[in-house]
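Below: one structure, written as structure tokens.
FYI, it's all coordinate maths here, none of it is from the lab. The model shown is predicted, which means the values in this text are computed figures rather than measured ones. Note that we place each Cβ from the backbone using ideal geometry, even for glycine, and neighbour counts take in every protein chain shown.
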Amino acid sequence: MKDLADLIGRVFISLIFFFEVYDTIGFWQNTKDTMTSYGITWNQDLLILAMLVFLIFGSLMVLIGYYANIGAFFLLLYLVPFTLIVFSFWNDPIEYRRVNSLQFMRNMAICGGLLLLIANSGAGKYSIKRMLHVLRVPAS
């Protein structure tokens with residue numbers, strides 16, 4: 001049961017970030033406008049592309065279980081700064097503080113899940129890495 005829960009958890013975590021990729025690509029200009037509103041004006045296209053690379057590779061690695069701990073680290077490199085910049089509820093007007101604090105805590109919970117994935121240093125029984133090891137696929 002642990003291995004199945006591990007797989008389902010990896011799928012759910014990956015889906016959040018795949019949707020972020022889809023949303024960013026679909027609303028590219030809106031993403032740039034949002035970055036501007038938060039004071040991030042330096043080379044926005046490059047920052048968005050770097051973010052997309054981290055999100056795509058991290059999500060794929062977590063999903064298929066191939067070096068999932070490294071993929072989780074990539075996702076943390078995106079999620080922690082994003083959360084601290086966008087959901088800084090301590091700076092918000094009182095009418096936005098409650099909603100943004102809930103969003104902040106949700107993202108911190110996702111960070112906790114990613115840290116657990118890193119701490120377990122693997123993706124369990126249902127992963128590409130384990131299948132390659134069990135099948136003893138040659139390196140070249």
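Structure summary
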item	result
0 to 90° range, to nearest 10: angle between helix 94-119 axis and the chain longest Cα axis	20
Reach of Lys2 by Cα under 28 Å, taken over lysines that are not fewer than 8 positions away in the same chain	Lys125, Lys129
Cβ-based charge dipole, the chain, positive-most Cα from Phe73, Met105, Leu47	Phe73
Potential extension, Val53-Lys2 segment - 0.36 nm per residue separation minus Cα distance	15.3 nm
Average Cα contact separation per residue, the stretch 2-135, under 8 Å, 6 or more apart, as relative contact order %	30
Taking Val62, Val53 and counting other C-beta atoms within 10 Å, the order from fewest to most	Val53, Val62
FRET E, pair Phe27, Leu60, Förster distance 30 Å, beta-carbon r, rounded to 0.05	0.85
Neighbour-count ranking [beta-carbon atoms within 10 angstrom, fewest first] of Val21, Val99	Val99, Val21
Unit charges on C-beta of K, R, D, E only; dipole of the stretch 2-140, Debye	600
Two-decimal log10 I(q)/I(0) for the chain, as the Debye equation yields it once each C-alpha is a single scatterer, q = 0.19 Å⁻¹	-1.12
Residue among Ser59, Tyr96, Leu117 farthest towards the positive dipole end of the chain, charges placed on Cβ	Leu117
